[in-house]
Amino acid sequence: MASSSLLATPLHPSNTTPVATASGLLALLSESDPSLVSHALSRLLSVVDTLWHEVAECLPDLEAIAEGGDVADDVMDDDGVAAANRPSIAYDLPTRQTAAAVASRVFFHLEEPVQALRLALESGEEHFDIRRGKGSMYVERLVNAAVETYVTRRAAEWEGRGAAV
């Protein structure tokens, strides 16, 4: 039998229990305790490449957290108070960056590289560093998306100048 250290990868550290479904972690995103949300996001980041199809259902929540807003919740919370009447939750920068990193990975798997790039840039160097990620399909695709966007914009500018002459 292989030791657990042989199975450890940067995305799946050996000190965590494997996750078969993201549903429990996704449920934690609507908690009012920022530390629970932060923990859930960290665990989601470690499994998003295999469970992205489940995480995709919560993209609006992930983007809201990444932007510093509150998670939309149309139901009553545990205390029976409508979510709209709850005080807004302030997430710290590392939590917002982790949410952006998770959402970026989901958009990558959904083959939406422009959205993935936007969120990867918001996630900061800890989560998106092209020097450390060289050779990974994720980083390569996002770098290609950035170059394609640049070329498209420059071509549009050039065509605009030609039409004005």
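The values are calculated or read from the model by the stated rules, or taken from the named source; none is laboratory data. The structure displayed is predicted, hence computed values, not measured ones. Cβ: placed from backbone, ideal geometry, glycine included. Neighbour counts: every protein chain shown. To get the accessible areas, we keep the full protein, side chains included, count just its heavy atoms, and leave off ligands, DNA and RNA. Shrake-Rupley method; radii C 1.70, N 1.55, O 1.52, S 1.80 Å.
Here are the numbers:
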| item | result |
| --- | --- |
| So Leu121, is it within 20 Å of Arg96 (Cα to Cα) and open to solvent by 100 Å² or more (accessible area, probe 1.4 Å) | yes |
| Any pair with Cβ under 8 angstrom, 6 or more apart, that starts in the stretch 39-58 at a residue that is free of Cβ contacts under 8 Å to residues at least 60 places away in the same chain and ends at one that is surrounded by fewer than 18 Cβ atoms within 10 Å (Cβ to Cβ) and among the acidic types (Asp, Glu) | Ala40/Glu31 |
| Options Val47, Val71; residue that is at pLDDT below 90, under 23 Å from Ser30 (Cα atoms) and either crowded, with 18+ Cβ neighbours inside 10 Å or within 10 Å of the chain's Cα centre (by Cα) (or both) | Val71 |
| Per-region count, the stretch 124-165, residues within 24 Å of Leu41 (Cα to Cα), open to solvent by less than 40 Å² (accessible area, probe 1.4 Å) and in a helix (DSSP H, G or I) | 3 |
